[in-house]
Amino acid sequence: MRILVTGGAGYIGSHTALELLAKQHDICILDNFRNSSPECLRRIEKLSGHHFSQITADVSDSEAMEGHLDAYRPDAVIHFAGLKAVGESAEKPVEYYDVNVSGTINLLRAMDRSGCRKIIFSSSATVYGRPEYLPFDENHPCAPENVYGRTKHMAEKIIQDWQGARSDSSAVLLRYFNPVGAHDSAEIGEDPTDTPNNLLPYVSQVAIGRRDRVSIFGADYETRDGTGMRDYIHVVDLARAHVAALELADRHQGTETINVGTGAGHTVREMIDAFSRASGRDIPYVVTDRRPGDIATSIADPSKAYKLMGWKAERTLDEMCTSTWAWQQRNPNGFRGPGHSNPTKNDVRQG
Ligand code: NAD
Ligand code: UD1
């Protein structure tokens with residue numbers, strides 16, 4: 001298949017691109033490098049041994065999106081491009097709605113023009129909000145509590161309505177739980193440009209000595225050790241869920257919303273211990289107040305993913321930590337090494 005991967009230079013998109021290339025798909029990565037680096041694309045080419053088309057563009061630019069889809073004519077789109085920081089979304093709500101919601105509308109309009117009828121969308125477990133019951137299944141009511149979550153929920157609804165109006169189309173809305181880990185090569189991984197908001201990248205930077213200690217945001221939750229519990233999923237498992245979702249979209253018309261998690265939870269303390277084992281380093285921590293907006297526990301019911309796509313997570317917590325540590329050690333500054341360059345808007349390179 002010819003697959004347009006928006007946001008394909010980012011953390012999850014880059015791992016997915018490698019899985020797609022391994023399956024001999026023809027891909028085109030479109031990214032504006034707002035939260036990523038062209039160096040990542042060079043590494044994907046090196047690791048996969050394949051060249052692919054690359055477009056530097058912004059999903060907020062409706063005209064440019066139409067031009068790029070007209071030119072590439074994808075069979076399917078995987079839409080990762082978006083902004084994802086919960087705190088920032090409260091400070092810059094209009095920008096978040098613009099990129100995450102208007103960007104999705106621009107993409108759908110461009111898909112219509114070019115005749116593309118299949119979309120896989122990156123949604124988030126954050127759309128559920130506070131749990132009424134656990135684990136979260138896909139029928140759990142959605143009541144997102146932050147701007148970021150609302151943008152994802154709105155984009156889900158827009159895609160669902162787009163699909164509902166086109167009987168020959170398909171949409172798979174993947175709700176990710178907590179992606180962590182890195183590629184086995186240690187050549188690609190999560191590369192936060194600022195102070196990490198998420199737990200594991202922060203723990204990893206403490207282990208390498210870039211930060212002094214981890215703050216545990218609250219130890220008085222109703223969990224087995226009082227700290228927050230999440231469903232961490234290895235990014236390679238998550239990447240493979242996209243390949244399975246594409247196969248589903250290819251054989252099935254309609255919209256499917258699917259959780260992507262493991263079904264198991266780990267607490268903050270358990271994550272720190274596991275990372276300490278994987279890295280062989282002490283990881284100092286201090287318990288602080290709860291982070292506003294956090295919930296005690298978030299765990300997926302991943303059974304629909306297995307039923308519909310034959311997909312389930314395979315990698316262990318230790319693999320999540322050892323791969324993160326290998327990536328961190330090999331790339332202490334992420335992708336920002338010598339030779340880093342930022343291409344200009346709307347650069348196009350045919351693969
Ligand atoms: P990421 O920031 O690493 O990747 C997003 C990519 O989109 C980046 O390469 C960025 O440069 C690009 N991008 C941002 N704005 C763009 C724009 N206007 N035009 C074109 N490209 C743009 O994030 P990620 O962790 O890989 O997440 C990918 C998707 O999955 C996002 O939509 C995110 O909201 C969603 N998601 C992520 C998580 C997570 O924990 N990482 C959880 C749930 C959902
Ligand atoms: C956060 C986002 C969520 C997003 C998800 C994945 C918030 C409120 N929620 O969720 O919308 O979908 O990331 O990107 O930001 N923790 C610490 N110390 C830290 C960092 C985190 O104790 O320095 C704790 C948290 O309280 C939580 C757990 O670690 O219990 C995981 O945190 P995090 O990685 O930020 O993920 P989520 O809270 O699930």
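The values are calculated or read from the model by the stated rules, or taken from the named source; none is laboratory data. Please read these numbers as outputs of a predicted model, since none were measured by experiment. Cβ placement follows ideal geometry from the backbone for every residue including glycine, while neighbour counts extend to all protein chains displayed. To get the accessible areas, we keep the full protein, side chains included, count just its heavy atoms, and leave off ligands, DNA and RNA. Shrake-Rupley method; radii C 1.70, N 1.55, O 1.52, S 1.80 Å.
For helix 11-22, report the angle its Cα long axis makes with the longest principal axis of the Cα atoms of the chain; keep it between 0 and 90° and round to the nearest 10°.
It is inclined by approximately 60 degrees.
Under 1.5 on a/c is rounded, so check that first for segment 139-256, then, if it is not, pick prolate when a/b is larger than b/c and oblate when it is not; a ≥ b ≥ c are the square roots of the alpha carbon gyration tensor eigenvalues.
Prolate is the answer for segment 139-256, as a/c is 1.5 or above and a/b outweighs b/c.
Roughly how compact is segment 32-135, stated as its Cα Rg over 2.2 N^0.38 Å to two decimals?
Relative to the rule-of-thumb radius for its length, segment 32-135 sits at 1.24.
Would you mind checking the pairs 46/307; 157/312; 23/92 and listing those with alpha carbons more than 30 angstrom apart?
From 46/307; 157/312; 23/92, over 30 Å: 46/307; 23/92.
Order these peptides, 152-159, 248-255, 169-176, by their mean beta-carbon neighbour count within 10 angstrom, highest first.
Per-residue mean Cβ counts within 10 Å order the peptides as 169-176, 152-159, 248-255.
Please report how far the C-alpha centroid of segment 243-272 lies from that of segment 86-140, rounded to the nearest whole angstrom.
Going from one Cα centre to the other spans 15 Å.
Per residue and in cubic angstrom, what volume does the convex hull of the Cα atoms of segment 194-308 have?
137 Å³
Where does each of 271, 1 land when they are ordered by accessible area, with a 1.4 Å probe and the largest first?
Largest accessible area first, the residues go 1, 271.
With contacts defined as alpha carbon pairs under 8 Å and 6 or more residues apart, what's the relative contact order of segment 168-295 in percent?
Computed value for segment 168-295: 40 percent relative contact order.
Dimensions of segment 218-261 along principal axes (Cα, Å, largest first)?
Principal-axis extents of the Cα atoms in segment 218-261, largest first: 47, 22, 13 Å.
Quote the relative contact order of the chain in percent (integer), defining contacts as alpha-carbon pairs under 8 Å separated by 6+ residues.
RCO, the chain: 22 percent.
With n ≥ 4 as the cut-off for DSSP H runs, can you work out [θ] at 222 nm for the chain, using -39500 (n - 2.57) per run divided by the number of residues, rounded to the nearest 500?
The helix contribution divided over the chain gives -11500 deg cm²/dmol.
Alpha carbon centre of segment 188-213 versus segment 14-70: separation in Å?
The distance from the Cα centre of segment 188-213 to that of segment 14-70 comes to 25 Å.
Placing +1 on the Cβ of each Lys and Arg and -1 on the Cβ of each Asp and Glu in the chain, which of 295, 248, 327 has its Cα farthest towards the positive end of the resulting dipole?
Positive-most Cα among the choices belongs to 327.
Normalising by the residue count of segment 27-171, find the relative contact order in percent from Cα pairs under 8 Å and 6+ residues apart.
24 percent
Rolling a 1.4 angstrom probe over the protein heavy atoms, how many square angstrom per residue are accessible across the chain?
42 Å²
Which value, to two decimals, describes the C-alpha radius of gyration of segment 107-156 once divided by 2.2 N^0.38 Å?
Expressed relative to 2.2 N^0.38 Å, the Cα Rg reads 1.42.
For the chain, with only Lys/Arg (+1) and Asp/Glu (-1) charged at the beta-carbon, what is the dipole magnitude about the Cα centre, in debye rounded to 20?
380 debye
For the chain, how big is the tail of P(r) above 26 Å, as a whole percent of Cα pairs?
Result: 47 percent of Cα pairs exceed 26 Å.
Helix 103-114: angle to the longest alpha-carbon principal axis of the chain, degrees 0 to 90, nearest 10?
The helix 103-114 is inclined about 30 degrees to the chain.
Quote to one decimal, in nm, the extra length available between residue 113 and residue 94 on full extension: 0.36 nm per residue of separation minus the C-alpha distance between them.
4.2 nm
Determine the share of the chain's accessible area contributed by carbon and sulfur atoms, expressed in whole percent, with a 1.4 angstrom probe.
Using a 1.4 Å probe with all protein chains present, the chain comes out at 45 percent carbon and sulfur.
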